[in-house]
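Beneath this line is the structure, given in structure tokens, with notes to follow.
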Amino acid sequence: MKKGKVIAIVLSGGVGSRIISDMPKQYVKVGDRMVISYCLETLMLHPQIDALRIVAAEEWRNPILDEMESLNIPMDKFEGFVEPGDSRQGSVVNSIKAVIDDIGFDEISDERVLIHDAARPCVTAEHISTIIEASEEHEGVMPALPMKDTVYLSDDGVTVTRLFEKNRIYSGHTPEVFDLKKYYNANILLVPGKIKLINGSSEPAVMAGMDVAMVAGDEDNFKITTMADLEKFKEIIKMRGIEKQW
């Protein structure tokens, strides 16, 4: 049986520290448009996404709206901005609280929340569809890629304590999709103190015992974290023929 509406949350509240720029990486211009605009366009146009909210600091809200307007990206699904939290997962909690406040906790049935990083501009409509469709059968879904390198644990950062079995280790990406009510409850269990220790959106769901499935990740759906990542994205845009000159 088909589940209810999908509400997308785009996390764009981070400031970053590994990009040499006077602005957060998601607002850097590539191909004459903000990095964030690429994923926003894909999400806004996706037929399986019913609504979208953006986590962004006040100073970036009008620039985002202006960018969307200049690119003629439809805004009919846009439900507003959310104040960033004091951590990535804090921003997620703020977002799902805002969604639930609008719906009403007792009115929630089988809605789902999709969480995506603004700094992952290469997400495709096909990848989003795969994840949303998998969430029809699970309480949560995350894209994941197997680790290519051998992974070691070090207790002191100097010597190797032990190694992990590479074929059992995966790296998680976004977008991730969760049952809204169950995911909200999983996060509230960690508020206030423990939520700051969470690094990935799926962690609270796994800790709460939710059924979280993995689907194949997309190598091209990388996160822009470093200057090398930014340069890689610029090259992708050039290859697509979108950028006439850089």
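Some values worked out for this structure:
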| read-out | value |
| --- | --- |
| Test: residue in region 64-79 that is in contact with a Pro (Cβ under 8 Å, 6 or more places away or on another chain) and either part of a helix (DSSP H, G or I) or at pLDDT below 95 (or both) | no |
| Lone unmet requirement of (1) at pLDDT 95 or above; (2) touching a strand residue (DSSP E or B) at 6+ places or on another chain (Cβ under 9 Å); (3) more than 25 Å from Asn94 (Cα to Cα) for Thr159 | (2) |
| Any pair with Cβ under 6 angstrom, 6 or more apart, that starts in region 202-216 at a residue that is surrounded by fewer than 18 Cβ atoms within 10 Å (Cβ to Cβ) and ends at one that is among the acidic types (Asp, Glu) | Asp211/Glu139 |
| Residues satisfying the stated conditions in region 128-171, i.e. surrounded by fewer than 13 Cβ atoms within 10 Å (Cβ to Cβ) and touching a residue at least 40 places away in the same chain (Cβ under 8 Å) | Glu137 |
| Considering residues of region 110-120 that are in a loop (DSSP other than H, G, I, E, B) and touching a strand residue (DSSP E or B) at 6+ places or on another chain (Cβ under 8 Å) only, the residue surrounded by the most Cβ atoms within 10 Å (Cβ to Cβ) | Ala118 |
| Cβ-Cβ under 6 Å pairs, at least 6 apart or on other chains, region 82-104 side more than 13 Å from Ile188 (Cα to Cα), far side part of a helix (DSSP H, G or I) and small (Gly, Ala, Ser) | Val82/Ser95; Val82/Ala98; Pro84/Ser91; Gly85/Ser91 |
| Ile49 hydrophobic (A, V, I, L, M, F, W, C) and either part of a loop (DSSP other than H, G, I, E, B) or over 21 Å from Glu126 (Cα atoms) (or both) | yes |
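The values are calculated or read from the model by the stated rules, or taken from the named source; none is laboratory data. Values in this document were obtained by computation on a predicted structure and should not be read as measured data. Every residue, glycine among them, receives a Cβ derived from its backbone with ideal geometry; neighbour counts consider all protein chains shown.
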